[in-house]
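Visitor: I'd like to ask you about the structure that follows.
The values are calculated or read from the model by the stated rules, or taken from the named source; none is laboratory data. What you see is a predicted model; the values in this text were computed from it and never measured. Reconstructed Cβ throughout: ideal geometry from the backbone, glycine too, with neighbour counts over all protein chains shown. Calculation scope for accessible area: heavy atoms of the full protein, side chains included, ligands and nucleic acids excluded. Shrake-Rupley method; radii C 1.70, N 1.55, O 1.52, S 1.80 Å.
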Amino acid sequence: PEMAWHYKLNIKPKHYFLCPINELLTKELPPELFELDILDGSPPCSTFSMAGSREKAWGKEKHFREGQAKQVLSDLFFDYLDLVGRLRPKVAIAENVKGMLIGNAKGYTKMVMARFKELGYRPQLFLLNAADCGVPQKRERVFFCAVRNDIDVPPLKLAPTHRWISAGEATSDVQVLTAEERGDIGMTETEHRYWLATKKGSNFQDACKKETGKSSWFSRVRMDDSGPCNTLTANHNDFKHWSDPRRLTYREWKRLGSYPDDYRAKTDKIGKYMIGMSVPPKMTEQVARAVCQQWLGVAP
């Protein structure tokens, strides 16, 4: 429901289905959905994230704060693939985290590739860095790109080489804060002390250890404005400004996530959460352009 509210407000899709994805396998759908050029999906990825519980969460049901039903997240990729099988788009794209290429998750990735082939598609796998796509953020993501077997095209070439944009450059014109922003981005006294004792680009762990003897606060980071920022996560409190002792504003998060300035959210906190959970739009754009030009023969 949370995502439905935001998508309808910002993107105004012609069709929106607020339901578990597996219901789309039997629900009556508009005829145009069976004539898609591209079906793109990002099954929830926390069970494969290096920052998550990984194997411990595989096969387990989980709730998400967006309000959807309890789900077994490691099954959702195959629900998405079943939808590919029903809709038969010319191209299917699925995104997930780098953790799918590491450890036991490699076996899961092989199963995904095999399922694409069973459905009559030729899949390819790409590991991309958002910074190479024009996003001022170093965020690595895996993209499965699969073209239907009856479409005679060569393998996709996908190796973006956009110049890296620094966090400082991306946010340079949104540094003058409003009174409302100032009232919502402060730090605690402890955070302020650790921020002062931490150099740009480092986390608060060393400062905490010097003061308390404990190795903690490693998730809190004083960001570096001289290059793309590190991966933004769902926890907006972890990221502190490089030269001003405060959290980042929603306007800064939108710039670092390559979101349009006019993208609205119910609250700034929710907006930051969405950006931390999402594929940066400029990253998706690079994938879409390559697919449109090389596989669909159109200029996006």
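Visitor: Determine which single condition Asp37 fails, assuming it passes every other condition in (1) modelled with pLDDT of 85 or more; (2) open to solvent by 50 Å² or more (accessible area, probe 1.4 Å); (3) out of contact with any Pro (no Cβ under 7 Å at 6 or more places or on another chain).
Guide: Against the list (1) modelled with pLDDT of 85 or more; (2) open to solvent by 50 Å² or more (accessible area, probe 1.4 Å); (3) out of contact with any Pro (no Cβ under 7 Å at 6 or more places or on another chain), Asp37 comes up short only on (3).
Visitor: What's the number of the only condition in (1) of a type in the set (Phe, Trp, Tyr); (2) within 19 Å of Ala288 (Cβ to Cβ); (3) open to solvent by 20 Å² or more (accessible area, probe 1.4 Å) that Phe144 fails to meet?
Guide: (3)
Visitor: Sticking with this one: On the given criteria, is Asp224 touching a residue at least 12 places away in the same chain (Cβ under 8 Å) and under 18 Å from the mean Cα position of the chain (by Cα)? Before the answer, list the steps.
Guide: Working: touching a residue at least 12 places away in the same chain (Cβ under 8 Å): yes; under 18 Å from the mean Cα position of the chain (by Cα): no.
So Asp224 fails the test.
Visitor: Looking at Pro154, Pro136 in this structure, which one is open to solvent by 10 Å² or more (accessible area, probe 1.4 Å) and touching a residue at least 60 places away in the same chain (Cβ under 8 Å)? Even if it seems obvious, please write down each step before you answer.
Guide: Working: Pro136 fails: open to solvent by 10 Å² or more (accessible area, probe 1.4 Å).
Only one candidate qualifies: Pro154.
Visitor: Taking the range 106-128, which residues are within 14 Å of the chain's Cα centre (by Cα) and either open to solvent by 30 Å² or more (accessible area, probe 1.4 Å) or on the phi > 0 side of the Ramachandran plot (or both)? Steps first, answer last, please.
Guide: Step one: list which residues in the range 106-128 are within 14 Å of the chain's Cα centre (by Cα), which gives 127-128.
Correct list: Leu127 only.
Visitor: Pairs, please: C-beta under 9 Å, at least 6 apart or cross-chain, first residue touching a residue at least 12 places away in the same chain (Cβ under 8 Å) and outside any loop (DSSP other than H, G, I, E, B) and in the range 6-20, second among the acidic types (Asp, Glu) and open to solvent by 50 Å² or more (accessible area, probe 1.4 Å)?
Guide: Pairs that qualify, where the first residue is touching a residue at least 12 places away in the same chain (Cβ under 8 Å) and outside any loop (DSSP other than H, G, I, E, B) and the partner is among the acidic types (Asp, Glu) and open to solvent by 50 Å² or more (accessible area, probe 1.4 Å), are Asn10/Asp262.
Visitor: Can you pull out every residue in the range 21-33 that is in a helix (DSSP H, G or I), without any contact (Cβ under 8 Å) to a residue 24 or more places away in the chain and closer than 21 Å to Phe77 by Cβ? So that I can check it myself, show each step before the final result.
Guide: Going residue by residue through the range 21-33, those that are in a helix (DSSP H, G or I) are 21-25, 31-33.
After this cut, where a residue has to be without any contact (Cβ under 8 Å) to a residue 24 or more places away in the chain as well, the list is 23, 31-32.
Correct list: Glu23 only.
Visitor: Still on this structure, please answer the following. Checking the conditions here, which among Ser258, Ser243 is open to solvent by 40 Å² or more (accessible area, probe 1.4 Å) and not hydrophobic (A, V, I, L, M, F, W, C)? First the steps, then the outcome.
Guide: Details: Ser258 fails: open to solvent by 40 Å² or more (accessible area, probe 1.4 Å).
The conditions single out Ser243.
Visitor: Here's another thing I want to ask about it. Would you check if there is a residue in the range 163-185 being in a loop (DSSP other than H, G, I, E, B), surrounded by 11 or more Cβ atoms within 10 Å (Cβ to Cβ) and acidic (Asp, Glu)?
Guide: So far as the range 163-185 goes, yes, one or more of its residues are in a loop (DSSP other than H, G, I, E, B), surrounded by 11 or more Cβ atoms within 10 Å (Cβ to Cβ) and acidic (Asp, Glu).
Visitor: Can you give me the number of residues within the range 200-217 that are in contact with a helix residue (DSSP H, G or I) (Cβ under 9 Å, 6 or more places away or on another chain), farther than 27 Å from Thr267 by Cβ, outside any helix (DSSP H, G or I) and not hydroxyl-bearing (Ser, Thr, Tyr)?
Guide: Going through the range 200-217 one residue at a time, the tally reaches 1.
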